[in-house]
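The values are calculated or read from the model by the stated rules, or taken from the named source; none is laboratory data. Computed from a prediction, not measured in an experiment: that's the story for all the values here. Note: ideal-geometry Cβ built from the backbone for every residue, glycine included; neighbour counts use all protein chains shown. Ligands, DNA and RNA are excluded from the accessible area calculation, which covers all protein heavy atoms including side chains. Shrake-Rupley method; radii C 1.70, N 1.55, O 1.52, S 1.80 Å.
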Amino acid sequence: MKKILTSISLCLAALAVNAQTWPDKSVTLVVPFPPGGSTDQVARAVGPKLTDKFKQSFLIDNKAGATGTIGATFVKRAAPDGYTFLVTSLGPLVIVPHLLKGMQYDPLKDFDLVTVAVQSANVLVVPTSSPHKSVADVIAFEKANPGKMTFASAGNGSSDHLTAELFWQQTGTTGIHVPYKGGAPAHTDIMGGQVDASFQNINSVAQYIKGGKMRALAITSPKRSPVLPDVPTLAEAGVKNVEVASWQAIVAPKGLPPAVLEKAHAAFVEALNDPKVKEQFTSIGFEMVANTPAQFAAFQQAEYARWKKVIETGKISIE
């Protein structure tokens, strides 16, 4: 018994020292998408703040592919020592697991949750040349022409893809999903009139809307956005239960020492709440979240169940 107690004491002491000295070498922030997107922006905003705080490099590693699951699988398999984190969108954590078979990780069991960093509404946009001036116009067209109107997305399983599916379910309409390899090519074709509509992250298209290159019809938030105050919510436009937020979050491999998780959480939240970082994100339509691991866990469970229902109801598959 004495030997067991001694071993436990030594383990606890080692964990305490680990937390006190963390980080004593470079930390990797894995982004499971290409550079330039919303998730990558979050990692590149907090990375320098953490580098300055700890005098250790916080390096960005973009491991894109398979709708974010390559990067997520890499982090799941990494040592739970506080030197590898995943900065991700909601897709790999609550959407893609319902769409892909043979997943190499369980999003509800294989990660220690750190914080939801930011969230933003999606906005229904059409080309400025479109005849549709309102949500009512879109619904009327879809009902008169079922399965004809094209909706672009940043890819299969993305929040803009699933928002369109939810919109169709709630309005009793159908359309054609047109997936792109990222938001940028989708934006190009929306502005060029090659596709009819899209539910894009507000932060990614606000400049095009303000510049007259896209027409915004409604946003998916419960209230209007200060970035686009003249754009109504979908509820105001008569479509209920399509309140959707795209979000970015930070997780670690399962088994992170509790004291390291606590220290890392405090550091990430501090970086997110830096005035310059907050201004960078709120000015383009993001809402800062920076919640606790417990709040994140409850939120993930709710989002996981919600998108599972949408996918099953719509019989959606990407394989």
Phi to ³J(HN,Hα) by Karplus 6.51 cos²θ - 1.76 cosθ + 1.60 over region 253-258, Hz, x for Gly, Pro = x, 4, x, 4, x, x
ask   = Which is farthest toward the positive dipole end of region 82-182 among Gln170, Ile95, Pro127, measuring Cα position about the Cα centre, with Cβ charges +1 (Lys, Arg) and -1 (Asp, Glu)?
value = Pro127
message = Taking 2.2 N^0.38 Å as the expected size of a compact globular protein, what ratio does the Cα radius of gyration of the chain give against it, to two decimals?
response = 1.07
query = From the phi of every residue in region 244-251, what ³J(HN,Hα) in whole Hz does the Karplus formula 6.51 cos²θ - 1.76 cosθ + 1.60 yield, where θ is phi - 60° and glycine or proline is x?
reply = 10, 10, 7, 9, 10, 9, 10, 9
remark   = Projecting the Cα atoms of Gln200, Pro179, Leu113 onto the charge dipole of the chain, where Lys and Arg contribute +1 and Asp and Glu -1 at Cβ, the residue farthest towards the positive end is Leu113
key: Long-range HN-HN contacts of Thr115 with modeled amide H, under 5 Å   = Ile250
inquiry  = Suppose R0 equals 35 Å. What FRET efficiency, 1/(1 + (r/R0)^6) with r the Cβ-Cβ distance, do Asp24 and Arg306 give to the nearest 0.05?
reply    = 0.30
query = Any idea what the dipole of the chain comes to, in debye rounded to 20, about its Cα centre with Lys/Arg Cβ at +1 and Asp/Glu Cβ at -1?
reply = 380
Dipole of region 225-319, positive direction: furthest Cα of Ile250, Ser225, Val239, with charges on the beta-carbon = Ile250
message = So if I place +1 on the C-beta of Lys and Arg and -1 on the C-beta of Asp and Glu, and nothing else carries charge, what would the dipole magnitude of region 164-224 be about its Cα centre? I want it in debye, nearest 20.
response = 320
query = If amide H atoms are built 1.01 Å from N in the plane of the peptide, which residues on other chains or at least 5 residues away come under 5 Å of the amide H of Val178?
reply = Phe151, Ala152, Ser153
key: Nearest 10 degrees, 0 to 90: helix 135-144 Cα axis against the chain principal axis   = 70
note = Here, GluC sites (Glu not before Pro) of region 155-249 satisfying both criteria (DSSP loop; at most 14 other Cβ within 10 Å) are Glu236
query = Whats the longest run of the chain with zero trypsin sites (Lys or Arg not before Pro) that are DSSP loop and have at most 12 other Cβ atoms within 10 Å?
reply = 241-314
ask   = Share of the chain's accessible area from carbon and sulfur, percent, 1.4 Å?
value = 56
request  = Tell me which residues come under 5 Å, amide H to amide H, from Val27 once H is placed; ignore anything under 5 positions away on its chain.
outcome  = Ser57, Phe58, Leu59
